[in-house]
Each structure stands twice: as structure tokens, then as C-alpha cells.
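The block underneath contains the structure these notes are about, expressed in C-alpha cells.
Only the coordinates and a few stated rules stand behind these numbers; no lab work does. Bear in mind the structure is a predicted one, so any value in this text is a computation, not a measurement. Here the Cβ is made from the backbone with ideal geometry for all residues, glycine too, and neighbour counts use every protein chain on show.
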Amino acid sequence: MTDNMIAWDLGADRVLVLTIDDPSQSTNTMTEAFARDLTATVDRLEAEKDTFDGVILTSGKDTFFAGGDLNLLMDATPEDAPAIARGLDTYKAAFRRLERLGKPVVAAINGTALGGGFELALATHHRIALDAKGSLLGLPEVTFGLLPGAGGVTRTVRLLGITNAVLNVVGQGQRMKPAKALQVGIIHEVAATREEMFDKARAWIAANPEPAQPWDVKGYKIPGGTPSSPPLAANLPAFPSNVRKQLKGAPMPAPIAVLATAVEGAQVDLDTAFAVETRYCTNLICGQVSANMIKALFFDLGMINKGGSRPEGFPVRTPEKVLVLGAGMMGAGIAYVQARAGMQVVLKDVTIEAAERGKDYSRKLLDKALRKGAITQDKRDEVLGRIHPTADPADAAGCDFVVEAVFEDPGLKKKVFGEIEGLVNPDALLGSNTSTLPVTDLATGVQRQEDFIGLHFFSPVDKMPLVEIVVGEKTSDEAIARAIDYTLAIKKTPIVVNDSRGFFTSRVIGQFMDEAIALVAEGVHPTTVEQAATQAGYPVGALALVDEINMKLSQKIRRSLRENTIAEGGRWVDSNAYPLVDAMVDEYDRPGRLEGRGFYEYDADGKKLGLWQGLVEKYTREDHGIPFIDMQERMLFAESLDTARCFDEGVLRTVADANIGSIFGIGFPAWTGGVIQYINQYAGGLAGFVARADELRAAYGDRFEVPESLRAKAAAGETFG
Ligand code: NAI
């Protein structure tokens, strides 16, 4: 008997069940102890293989196996490279021996198996996944700036071919439900119950006494061909840009390394392919990008999604019946996510027709999900049945939570709250989805200002993962706790910020768009401006975003912001963007996508056609003299410096909120791990960032002025935040 964390249970039917159960953790991960135990188990399997006819590998936890130990991976530096490579090779060697045991090995995947856990399953001959609730399978390493380095890229390429492996599994890091994993081809069967899973495993073992992996069978060829076979060779050059497009701003080093591993590995024998994979993976693990991404997208995000910023001392309280005021674009989307989360929704607009239109939005999304097989007819009817469209204020009765999404007009917002405050439950939370208006002022429209809070959603609501919770001067801690409970219940990520005009996200994203528009005004071709943004890792071009948001709105917001800030004696620096925005709205009548005319042309359905050529004719100059890197860094620095000011002004409360809010709220490039990590990790550290900001200021103006707090930290050799 081994006394390790892999229990050995040989049945009378000569089927050996190995159950992985790390007693020191709630999930199994690739710790050093596990590596040792795995090797010991493989030694024993080889030594005792005459005693069993097959092996079922499963887990003693609810999940099958999580991946690598992210704490360990996050802290790795270039000096750790040899040890990291040795660690990867230890797994590779054990996995290889497992798949060449000469006896059938079946993975009975009883729950989530991601990353290293799924790589272990890939080294078995047959994979059966239990269709457990919430169970996810796949190789998501690339979303943390890594690649699956324990044979994951090499085996999926040999299993599915380069194209499928890269596009459907390793290049984007999809986390798949069992049915999807079956469709993609990374597992062989799905079982509805545990019993069925084990029965299937035993049946497969009985029917396949001497299995081999496809790549160990004589005459094996990689599906779809090698990189030199003509159809693949013709498509390969498009891969990097396709991967980048699909990843929408995810880091470049990891997807490119995945591609290189897949393509180089497909041209050599298996052992050499494993060595190629180890080399690329080690580089990623020891680099800064993966450290930043793991910190932000695993640890910070995990902490926030567990309610890490929630004030203590209040019982968890999720709403049962929510009043949504305004059934326009945002209200309709908010009604949908609430109904999906099981809440009753009263969707109110000025007319019943408008409210019905808002409900139709949910009908459309639900019907689409039904067609795709993602939900059943019953589920569709049940969710839709929770939304009650109305124009009658009396229907507000019994609501314990309000989300207001009428036009962005403070007078109107105060008026609609005034109308319903006495009708909803006496302790109903009063939330406003304003995108820019100070919450403290809006709260003066209600009696219970302590229950008033900003709930800033992003469009489209069903897709965007963030809610920015805005705390007014009088907002109570209990209201913050309830807003966080609500946000988590609708499966979104809450960041909490203090009140100010534009809060954190709307304010900082404005810097990004202004910089892009200024570049056009200074003579840069608009296409180059868009490329500067997307190649820096922003998910969409800045000018496309400007059109989406609409320049009439941004012009209005900027004018009032400018006026108020100057009146209050605050800091205001004009941008070259403003005259161009004013001309777009007032002179050329091209405010944005809504009107079908902006920086781009649109068809009647709002589909983007191409750039407005008049822009190029009027503004583009060959001799603008602005280097491409400056274009990118003007966008990144403008946002970073304004974020630093948000800290100084007390708008931002935590570094985690800043990093997560920047990635999910405003599309700050994910490879940076968020805006604060970008500032601190810039070449030369914070001092390097400050020096570069000074250069940008000298060349392009006071927008790049470094806040004193930041300069002081740089001088003291500290990090910001
Ligand atoms: P919208 O124009 O699509 O919808 C507003 C709706 O409110 C309309 O259906 C209108 O009939 C309704 N309405 C007006 N007066 C009303 C009243 N007295 N009672 C009930 N309903 C009334 O506007 P959208 O885009 O949905 O924006 C709504 C709010 O959300 C605004 O405050 C906006 O700033 C904010 N917001 C918008 C985002 C966006 O991307 N559009 C993003 C985040 C927040």
C-alpha cells in the first residue's frame, strides 16, 4: 500500500480504482507532494500490473482536479526556470508512463477538471465526465498568460489537429461544460450519474484490454496534417491575428507561445514536442505577464467575487422582487439578468408598450438560448414569466430593491424615485444606474438617503461582467453590503468606489477615447489610431467605442464636467479632442452609431461599414511625426495617470478594484493585470513610469502631468497603490 494522497483500491473484478484526495486542501492541485505521490503510484502500477486488468482514476473531492498551484506560478522568477522546467518534466514523465502502462486507464472525471488536472486526464486512454452541476473542463492557462505545459498542448494537437486544438481548446482557454467538451472531442463520454460513470468505465476497460493512445499506434498521423501540408500551410499565417481577435485584448505572449508550441511540436517526434512545450511554458511562467494576470484574474477577482469588499456585520440579503425603472436598453438588460437569477422583476416605463418592448428583449435572448439548447422550454417560460411589464406605479408595491435606468437626467431621476419611494417596501434599496451623475446629489431626491446607491452596469448588460457600486456621502454600509449581495446574485463582479462625477470607469475611459480622438485631430490616420489601441491589447478600437457611446452624450458630459470642475477650482486640462468632437456633432452631424454616422459609416441595422472618408480628407497628415509607441502609450498613460488621481481623490478604495474595474469595465489590456500593475511594472518600475510620463508631458501636454503622490512613491523606491 502507498500511504500517499492517491488511494489504491483493487476490486474483486480486478479493476483498480485510484482516488486522488489531497487532505491538506479543498481541491487537488499540482503541489510538489502530489508530483511525488503520482510518481510513486506510477512506480507501483508498473510493478504490480499483473494484479489488475484496468485502472479508473477519479477524485475524492467534489471537483476532479484543479490545475497548477497558482501561488507557486505567480511568484516564479527567471532564476526559477530550471526548477520549473524540471517540475514540468516530472509530470510529463509520469503521464507518459501512465499512458504506456499496457493496461487500460480511464479517467472518471467526477467534477471540474481544469489546467493541470485536465492534462492528467489527457494522459489516460478514455475520459468520461460526470455531468455535475457547474462542472467545467478545459485548459484555461492562456487566460492567465500561461500555456498547458504538462503535455496539454502536445496531446490536444495530436488528438484534434492543430486547428481544432488551438482554436477550440488551448488558444483561447475555453472552460467547457461536459457536453461541449464531448462535442469538441477532448472527452469520450458523458455520464448522468456517478454509478453510470463507473459502469461505463468498467465496460470500456473490459472491451479494451490493451489500449494505446492514438499517437502510439503505428502509422499515426496528426489529424488535419502537419504545418507543411498544403491546406494547413495556407491557413497558418492567419492564426496569430485570428487568435488575437478571438481573445479580445488578452495577452499576446501566451497565445503566440501556444501557437509556436503547437506548430513546432507538430513537426517533430513526441518527446521533442514535449521539450518544446516545456521551454515555452517555462518562459511564460517565469515572466511578468503571467504573474500580473494570475494576481488580478485569479486572486483579486476571486477575492472580489467572494464578497471581499463587503462590509461585515450584515446578514446576506438578496432581493426577491426588483423594480426596474425605465425599460430602455439598460433597463431591459438589467431585467433579463435579474430574472435569470431567479428574481421577480417589475419592469416599469412610461407606457405599457415601452415596458413590453423591454420584456421582448429578454424573450429574444431566451429564445436564442433555447434554440442553442442552452435552456429548456420550461426554463425559458419560467424566466420570462418573472418579468412583469407595467406603466402603473402601483405595481411597485412589494418590491424590496429598485434599479433606476431612465434617461441620464438628474431632474427626471429624482422625480421617478420620488414617485415610487412611498410605494416600494419601506426598507427597499434604492439603486441608480447612472453612468456619470454624482450619486450624492441624486440621493437628495429621496427620503432615505442612506439606502441610496449607484449601481453602474455596462452595456450589453447580459455580457458585461462588472457592476460599479457607487457610494454616496450618505450611503450606509448596509446598503453597500446589499448592493454587493445583489451583484453577486446576478453573477456579476462588484467593485466599490466612492462618489464623484463619472466615478472611476466612466471618467477613466474618457481619457482613452479623448487621446484617440486627439491623435486623429493631430493628423494620424484613424485606422492607425485603432490599430494602436487593439495592438496594445484593448478589446476594441477607441474610435469605434466613441461612436458606440455617442459624441452628443460625451460632448454634453464633458461640457458640464468642465464647467463644474473649473467653477469648483479643480484641475482641468483641455484636449485636442474637443474641437474635433464639437465639429463631429455640430458641423458634420456625425455623432455616432445611433444616427448611423460617426467616425464610421453604418448601415440601417447599425452594422459598421467602414471609416468615414471625410475624416481622413480633413485631418490626416503624413507629417504628423507621432511614433506608434507614443500613440499606444498616450492611451495607456492617460488612463493610468487618471486612475492614480482617482486614488488621490478617494474615488478608488482598493488596488484590486482598480485592476479588476480597469480590465472588465473599461477594457484596459488584460495582459497588464490591470492599470495599477501596469503603472508599477512599467519598464524601470514606478520610476520608469514617472520618467516616461514626464517625456509624454513635454511632448504632448499637461494631460500627462504626474500626480505628486505617484512621484513621491517613485522617489522613495516604493510601488503605487
Ligand atoms: P434608453 O434611452 O435606452 O432608456 C431609457 C428608458 O427610460 C426609456 O425606455 C424611457 O422611456 C424610460 N423612461 C423615461 N422616463 C421614464 C419615467 N418617468 N418612468 C419610467 N421610464 C422612463 O437609455 P439607456 O441607454 O438604457 O440608459 C439608461 C440609464 O443608464 C442612463 O442613466 C444612462 O446614463 C445609464 N447607462 C447607460 C449605459 C449605456 O451604455 N447606454 C451604460 C451604463 C449606464
For this session: Would you kindly work out the equivalent ellipsoid of segment 339-417 from its C-alpha gyration tensor and give its semi-axes, the square roots of five times the eigenvalues, largest first in whole Å?
Result: 27, 13, 11
For this session: Give, in nm to one decimal, the length gained when the segment between Val316 and Thr528 is fully stretched (0.36 nm per residue of separation minus the Cα-Cα distance).
Result: 71.4 nm
For this session: Have a look at Val184, Met74, Phe274 and report the one farthest towards the positive end of the charge dipole of segment 6-286, computed about the Cα centre with Cβ charges (Lys/Arg +1, Asp/Glu -1).
Result: Val184
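Which value, in debye to the nearest 20, describes the size of the charge dipole of segment 6-286 about its Cα centre when Lys and Arg Cβ atoms bear +1, Asp and Glu Cβ atoms bear -1, and nothing else is charged?
For this selection, approximately 980 debye.
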Problem set entry | Calculated FRET value between Ser560 and Leu72, using beta carbons and R₀ = 56 Å, to 0.05 | 0.65
Seminar exercise, completed: Going through Lys372/Lys414; Lys92/Lys180; Lys295/Lys321; Lys92/Lys177; Lys491/Lys556 one by one, the pairs whose alpha carbons sit over 30 Å apart turn out to be Lys372/Lys414; Lys295/Lys321; Lys491/Lys556
Exercise. Lys/Arg Cβ at +1, Asp/Glu Cβ at -1, dipole of the chain taken about the Cα centre: which of Thr390, Gly265, Gly667 is farthest positive-ward?
Worked result: Gly265
For this session: Indicate the gyration tensor shape class of segment 96-160 (rounded, prolate or oblate), computed on the Cα atoms with a ≥ b ≥ c the square roots of the eigenvalues: a/c under 1.5 is rounded; otherwise a/b larger than b/c is prolate and the rest oblate.
Result: oblate
Seminar exercise, completed: Ordered by number, the trypsin sites (Lys or Arg not before Pro) in segment 102-160 that occupy a DSSP loop and have at most 11 other Cβ atoms within 10 Å are Lys133
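Which chymotrypsin sites (Phe, Trp or Tyr not before Pro) does segment 352-412 hold that lie in a coil by DSSP with at most 13 other beta carbons within 10 Å?
Loop-located and lightly packed - Phe407.
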Problem set entry | lysines with Cα under 17 Å of Lys492, excluding same-chain neighbours fewer than 8 positions away | Lys306, Lys463
Exercise. Say the dipole of the chain comes from +1 at the beta carbon of Lys and Arg and -1 at that of Asp and Glu; which of Thr493, Gly115, Val403 then lies farthest toward its positive end?
Worked result: Gly115
Exercise. Which aspartates and glutamates have a Cα lying under 16 Å from the Cα of Lys221, excluding residues fewer than 8 positions away in the same chain?
Worked result: Glu264, Asp269, Asp271
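What is the gain in length, in nm to one decimal, between Met329 and Asp427 on full extension, counting 0.36 nm per residue of separation less the C-alpha to C-alpha distance?
32.5 nm
Diagonalise the Cα gyration tensor of segment 490-540 and give the resulting equivalent ellipsoid semi-axes, square root of 5 times each eigenvalue, largest first, whole Å.
Gyration-tensor ellipsoid for segment 490-540: 28, 15, 6 Å.
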Exercise. Cα extents of segment 26-174 along the three principal axes, largest first, in whole Å?
Worked result: 44, 35, 33
Exercise. Rounded to two decimals, what ratio of Rg to Rh does segment 263-340 give with C-alpha atoms and a Kirkwood Rh?
Worked result: 1.30
For this session: Starting at the first residue of segment 317-326, write each ³J(HN,Hα) from the Karplus equation 6.51 cos²θ - 1.76 cosθ + 1.60 with θ = phi - 60°, in whole Hz, x for Gly and Pro.
Result: 9, 9, x, 9, 9, 10, 8, 9, 9, x
Problem set entry | Environment charge of Leu384, counting only residues whose C-beta is closer than 15 Å and scoring Lys/Arg +1, Asp/Glu -1 | +3
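Apply 1/(1 + (r/R0)^6) to the Cβ-Cβ distance of Tyr220 and Glu32, taking R0 = 41 Å, and write down the FRET efficiency to the nearest 0.05.
Values: r = 34 Å, r/R0 = 0.82.
FRET efficiency, Tyr220 to Glu32: 0.75.
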Exercise. Which order do peptides 326-338, 108-120, 17-29 fall in by mean Cβ count within 10 Å, highest first?
Worked result: 108-120, 326-338, 17-29
Problem set entry | Estimated distance in nm for a label pair at Lys552 and Ala212, the labels positioned 7 Å out from Cα along Cα-to-Cβ | 7.1
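Ranking request for peptides 198-208, 252-262: highest mean number of other beta-carbon atoms within 10 Å first, then the rest in descending order. Let's see the in-between values first.
Numbers: 198-208: 17.4, 252-262: 23.5.
Answer by packing, highest mean first, reads 252-262, 198-208.
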Seminar exercise, completed: Rounded to one decimal in nm, the spacing of the 7 Å Cα→Cβ label points at Lys607 and Ser24 is 5.7
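With a ≥ b ≥ c taken as the square roots of the eigenvalues of the C-alpha gyration tensor of the chain, please select rounded if a/c is under 1.5 and otherwise prolate if a/b is larger than b/c or oblate if it is not? Spell out each step's value before the answer.
Values: a/c = 1.95, a/b = 1.48, b/c = 1.31.
Because a/c hits 1.5 or more and a/b exceeds b/c, the chain counts as prolate.
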For this session: Using a cut-off of under 20 Å, list every residue of segment 613-651 whose amide N is near the label point 7 Å from the Cα of Glu708 along the Cα-to-beta-carbon line.
Result: 641-651
Exercise. Shape call for segment 485-604 from the C-alpha gyration tensor, a ≥ b ≥ c root eigenvalues: rounded (a/c under 1.5), prolate (a/b greater than b/c) or oblate?
Worked result: oblate
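Can you tell me what share of the DSSP beta bridges in the chain is antiparallel? A percent to the nearest 5 is fine. All intermediate terms of the calculation are to be shown ahead of the outcome.
Details: 15 of 61 bridges.
Approximately 25 percent, going by the DSSP bridge assignments.
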For this session: Assign unit charges at the C-beta atoms only (+1 for Lys and Arg, -1 for Asp and Glu), then state the dipole size of the chain relative to its Cα centre in Debye, rounded to the nearest 20.
Result: 1440
Problem set entry | Kirkwood Rh in Å, taken over segment 6-286 so that all alpha-carbon pairs contribute | 18.9
Seminar exercise, completed: The size of the Cβ-based charge dipole (Lys, Arg +1; Asp, Glu -1) of segment 321-500 about the Cα centre, to the nearest 20 debye, is 900
Seminar exercise, completed: Under 5 Å from the placed amide H of His388, counting only residues 5+ away or on other chains, we find Val345, Val346, Leu347
For this session: Any chance you could check the Cα centroid distance between segment 692-721 and segment 101-135 for me, in angstrom?
Result: 51
